[in-house]
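The values are calculated or read from the model by the stated rules, or taken from the named source; none is laboratory data. Not measured: the values here are computed from a predicted model. Please note: Cβ atoms are built from the backbone with ideal geometry, for glycine as well, and neighbour counts cover all protein chains shown.
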Amino acid sequence: MNSSTPSASKKVYCLMGPTGTGKSGVAIELARSRPFEIINCDSMQVYRGLDVGTAKVSQALQNEIPHHLLDIRNPEDPYSAADFALDAKQCINEIYARGHLPLLVGGTGLYFRFLENGYTNLPKVNKSLRVHYESIREQHGNLAIWEHLNTLDSAAAKSIDPNDFIRIVRSIEIYESNQKSKLDTYGSQVKQSDFVMVKSLLTVPDREALKLSNRERTRDMLSNGWIDEVVACLAIQNDRSLPASKAVGYRQILKYLDNQISLDELEQLISHATNQYMKRQITWFSNEQNAITYSYMSSSIVRDILKQWFV
């Protein structure tokens with residue numbers, strides 16, 4: 001098989017769901033049962049140095065089961081959904097060339113969507129463009145850049161918080177690449193997927209139970225070096241607007257390091273941010289097409305998914 005030639009007969013097995021639903025653990029058990037290689041589908045786990053706060057699997061598990069698209073960017077480097085689609089496509093073909101099966105795992109719904117819809121011809125992230133607009137931001141502020149986007153693509157601008165520098169610049173980048181709005185650019189890209197997406201979605205029948213679990217997980221992560229991890233990142237690149245700083249919890253830890261909040265307040269703020277993120281993910285995945293759903297609390301998830309995938 002030529003690994004560079006995609007085929008619609010190739011299946012991509014997908015395990016998706018909100019934060020805290022145990023996707024990584026389920027994926028490991030699936031990979032112990034079949035010859036899977038795991039492809040990360042979490043937008044923050046692509047960054048080096050963000051291990052505790054993004055709940056990356058241990059190095060021992062990475063050594064046991066092949067993992068891809070983990071630790072592929074420095075915290076200061078942007079990484080778009082279009083970048084992911086290109087990288088994931090290459091991984092999938094290489095995995096099949098080895099006679100194995102690709103298992104896409106994560107909670108970044110946009111990444112799944114881009115791979116499924118074939119958004120592979122969008123412009124890659126242009127680091128020099130980001131540097132240019134960083135200079136403008138330093139002189140005139142974020143709002144000036146947002147207003148510039150508004151003159152180019154008002155629909156895109158109205159969908160983005162004026163303080164979200166990364167998304168603003170990305171939208172400008174897309175417009176400048178072809179002189180089309182982001183909506184028109186995406187619309188012209190949609191095509192039949194190169195792969196058959198076999199999707200399993202972990203659902204949340206009891207949100208209060210997951211909120212409690214997320215609170216406990218936050219406490220454990222803070223006890224296991226999360227704050228030190230942020231300090232280490234700042235020591236390497238003291239820039240609080242890095243793409244990686246969008247990860248849940250990192251902004252709150254920066255407030256703690258600035259003595260703006262106490263440790264107890266930090267835990268509460270991170271738990272709240274995690275639960276808000278969970279709610280947004282639940283809303284996103286509720287619109288997922290052709291996904292078979294499983295309660296994340298079920299004790300038979302692995303067996304049930306394998307039955308679905310390998311009837």
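Kindly indicate which of SER177, SER223 is hydroxyl-bearing (Ser, Thr, Tyr), under 24 Å from ARG73 (Cβ atoms) and surrounded by fewer than 16 Cβ atoms within 10 Å (Cβ to Cβ).
Within the list SER177, SER223, the selection yields SER177.
Identify all residues within region 30-70 that are more than 21 Å from PHE285 (Cβ to Cβ) and among the charged types (D, E, K, R); write none if there are none.
Once the filter is applied, which keeps residues that are more than 21 Å from PHE285 (Cβ to Cβ) and among the charged types (D, E, K, R), region 30-70 yields ARG32, ARG34, GLU37, ARG48, ASP51, LYS56, GLU64.
Regarding region 251-271, can at least one residue be identified that is buried (at least 19 other Cβ atoms within 10 Å of the Cβ), more than 17 Å from MET44 (Cα to Cα) and under 21 Å from the mean Cα position of the chain (by Cα)?
Yes - at least one qualifying residue is present in region 251-271.
State yes or no: is LEU110 modelled with pLDDT under 95 and in contact with a helix residue (DSSP H, G or I) (Cβ under 9 Å, 6 or more places away or on another chain)?
yes
Are any of the residues in region 54-67 among the hydroxyl-bearing types (Ser, Thr, Tyr) and touching a Leu at 6+ places or on another chain (Cβ under 6 Å)?
The answer is no; no qualifying residue exists.
Quick check, is ILE253 among the β-branched types (Val, Ile, Thr) and more than 17 Å from GLU229 (Cα to Cα)?
no
So ALA244 clears everything in (1) surrounded by 14 or more Cβ atoms within 10 Å (Cβ to Cβ); (2) within 19 Å of the chain's Cα centre (by Cα); (3) more than 13 Å from GLY53 (Cβ to Cβ) except one condition, right? Which one?
Checking ALA244 against (1) surrounded by 14 or more Cβ atoms within 10 Å (Cβ to Cβ); (2) within 19 Å of the chain's Cα centre (by Cα); (3) more than 13 Å from GLY53 (Cβ to Cβ), the one that fails is (3).
What helices (runs of 4 or more DSSP H) completely inside region 151-221 contain at least 3 residues that are modelled with pLDDT of 80 or more and either under 22 Å from the mean Cα position of the chain (by Cα) or not assigned by TED's automatic domain parsing to the domain that holds ILE305 (or both)?
In region 151-221, the matching helices (runs of 4 or more DSSP H) lie at 154-158, 165-178.
Let's see how each residue does on (1) more than 26 Å from ILE28 (Cβ to Cβ); (2) in contact with a Pro (Cβ under 8 Å, 6 or more places away or on another chain); (3) at pLDDT 95 or above:
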position: CYS233; (1), (2), (3): yes, yes, no
position: LYS246; (1), (2), (3): yes, no, no
position: LEU269; (1), (2), (3): yes, no, yes
position: ASN287; (1), (2), (3): yes, no, no
position: TRP309; (1), (2), (3): no, no, yes
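With the condition kept exactly as written, say whether any residue in region 32-48 is in a helix (DSSP H, G or I), of a type in the set (D, E, K, R), assigned by TED's automatic domain parsing to the domain that holds SER299 and farther than 27 Å from ILE270 by Cα.
Yes, because at least one residue in region 32-48 is in a helix (DSSP H, G or I), of a type in the set (D, E, K, R), assigned by TED's automatic domain parsing to the domain that holds SER299 and farther than 27 Å from ILE270 by Cα.
Among the numbered criteria (1) among the charged types (D, E, K, R); (2) surrounded by fewer than 17 Cβ atoms within 10 Å (Cβ to Cβ); (3) more than 16 Å from the chain's Cα centre (by Cα), which single criterion is violated by GLU37?
Unmet condition: (2).
Spot the failing condition for TYR277; the list is (1) surrounded by 20 or more Cβ atoms within 10 Å (Cβ to Cβ); (2) within 19 Å of the chain's Cα centre (by Cα); (3) among the aromatic types (Phe, Trp, Tyr), and only one is missed.
(1)
Every residue in region 73-105 that is at negative phi, in a loop (DSSP other than H, G, I, E, B) and at pLDDT 95 or above, please.
ARG98, HIS100
Mind listing just one residue for me: the one in region 116-150 that is within 26 Å of the chain's Cα centre (by Cα), at pLDDT 90 or above and closer than 30 Å to ASN287 by Cα and, of those, surrounded by the fewest Cβ atoms within 10 Å (Cβ to Cβ)?
Taking the candidates together, the pick is TRP146.
Being part of a loop (DSSP other than H, G, I, E, B) and polar (S, T, N, Q) is the filter here; which residues of region 250-292 pass it?
Matches in region 250-292: ASN259, GLN260, SER262, SER286, ASN287, GLN289, ASN290.
Looking at region 211-240, I want the residues that are at positive phi and have a partner that is not acidic (Asp, Glu) with Cβ atoms under 8 Å, at least 6 apart or on another chain. Which pairs are those?
GLY225/VAL52
Here are VAL57, VAL52, VAL26: which of them is in a loop (DSSP other than H, G, I, E, B) and under 23 Å from SER299 (Cα atoms)?
VAL57
Would you point out the residue of region 60-72, among those that are of a type outside the set (Gly, Ala, Ser) and not in a loop (DSSP other than H, G, I, E, B), that is nearest to the chain's Cα centre (by Cα)?
HIS68
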